[in-house]
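This report refers to the structure that appears directly beneath it.
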Amino acid sequence: MACLSSLVAPRRPVLPSLSPPLSSARGRRAFAPPLRSRCNRSLERLSRRFRATADQQGQVQDDEVVDGKILQYCSIDKKDKKTLGELEQEFLRALQSFYYDKKAIMSNEEFDNLKEELMWEGSSVVMLSPDEQKLLEASMAYVSGNPIMTDAEFDELKLRLKKEGSDIVEEGPRCSLRSRKVYSDLTVDYFKMFLLNVPAAVIALTVFFFLDDLTGFEITYLLELPEPFGFIFTWFAALPLIFVLSQAITNAIVKDFLILKGTCPNCGTENVSFFGTLLSVPSGGSTNTVKCSNCGTALVYDSKSRLITLPEPSEA
């Protein structure tokens, strides 16, 4: 039985050894130092690279970027960059010195760079007409104590720009120390003048279509001719005829009309005045007296000087 139990009893399983064999342990110890040294060198290179990048970014933020290709007017990073008003004054000063003093205060390249910088800034000074630039130069010269034109020439130039519809001569209500009057500028109300021509244009179109109907739509046939005949008839015959007819109808009702608008010097409300002849009845010449729609102040509209003035108080 003892022999039988010894034969039946289970044997303890043989577990594999967890310790590596001698040859593999030697190989791992042999290759471990080179691998660790390579990893350390890689980490060191990455850390140096990150430190260099951070130092460069800090230097760019702290120091100003210096580039020989960027001129003083084109530099957008300079902290002491001139304002738009200063650049415009320098531009006008250069024009005044060149045309009136016969000397240049800057080179052609500097002037072109200054002009380009003003264009990029959206300045309207470089887009001015010669008369507008001349007016601004005269104003600056007068303020500096070196007038370049007389008062009569300045007023004539300003009035001419007003009639041309220039924006630089438009001013709000103000007072004059010389004449002791309060006045405001007048401008043309183009929208109301356009509306005044609309009824005549509608009548002209009605007559045009009526003639087309009477002729059996022959005018429509001419408008639908193949190119370029239809284009020529439309732009050089039909439209000019409608325009001339509408102008004739308008001039038969109103003649030499002009609609001016301006702000009241007393309250700042915009008021409109009509100048011209309506059905052979004149409106009153070059001056009209209009009551303000807001405060009721009497306003004198002058179409020649394009000014609104308050009437002088009557002496008791």
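What is the calculated FRET efficiency for Asn251 to Thr297, with r their C-beta to C-beta distance and R₀ = 30 Å, to the nearest 0.05?
Using R0 = 30 Å, I get an efficiency of 0.30.
Given labels modelled 7 Å from the Cα in the Cβ direction, how far is it in nm from Phe243 to Leu279?
3.0
Starting from the amide H of Asp189, placed 1.01 Å from N in the peptide plane, find each other amide H under 5 Å away whose residue is 5 or more places distant or on another chain.
Amide H neighbours of Asp189: Ile259, Leu260, Lys261.
Pairs to check: Lys134/Lys255; Lys163/Lys255; Lys158/Lys192; Lys103/Lys304; Lys115/Lys158. Give those whose C-alpha atoms are more than 30 Å from each other in this structure.
Among Lys134/Lys255; Lys163/Lys255; Lys158/Lys192; Lys103/Lys304; Lys115/Lys158, the Cα-Cα distance tops 30 Å for Lys134/Lys255; Lys103/Lys304.
So for region 100-173, averaging the separation of alpha carbon pairs under 8 Å that are six or more residues apart and normalising by length, what relative contact order in percent results?
Relative contact order here is 22 percent.
Please report, in debye to the nearest 20, how large the charge dipole of region 190-309 is about its Cα centre when each Lys and Arg carries +1 at its beta carbon and each Asp and Glu carries -1 there. List each step's numbers first, then the result.
Working: 6 positive and 8 negative charges, 175 e Å.
My answer is approximately 840 debye.
Averaging over all projection directions, find the projected area of the Cα convex hull of region 116-253 and quote it in nm² with one decimal place.
Taking the Cα atoms of region 116-253, their convex hull projects to 15.0 nm² on average.
Give, rounded to the nearest 20 debye, the magnitude of the charge dipole that region 84-169 has about its Cα centre when Lys and Arg contribute +1 at Cβ and Asp and Glu contribute -1 at Cβ. Don't jump to the answer; show the numbers that get you there.
Details: 9 positive and 19 negative charges, 70 e Å.
The dipole magnitude comes to about 340 debye.
Where a number appears in this text, it was derived from the coordinates with a stated rule and is not lab data. From a predicted model like this one, the values you see are computed outputs, not experimental measurements. As a convention, Cβ positions derive from the backbone with ideal geometry for all residues, glycine included, and neighbour counts pool all protein chains shown.
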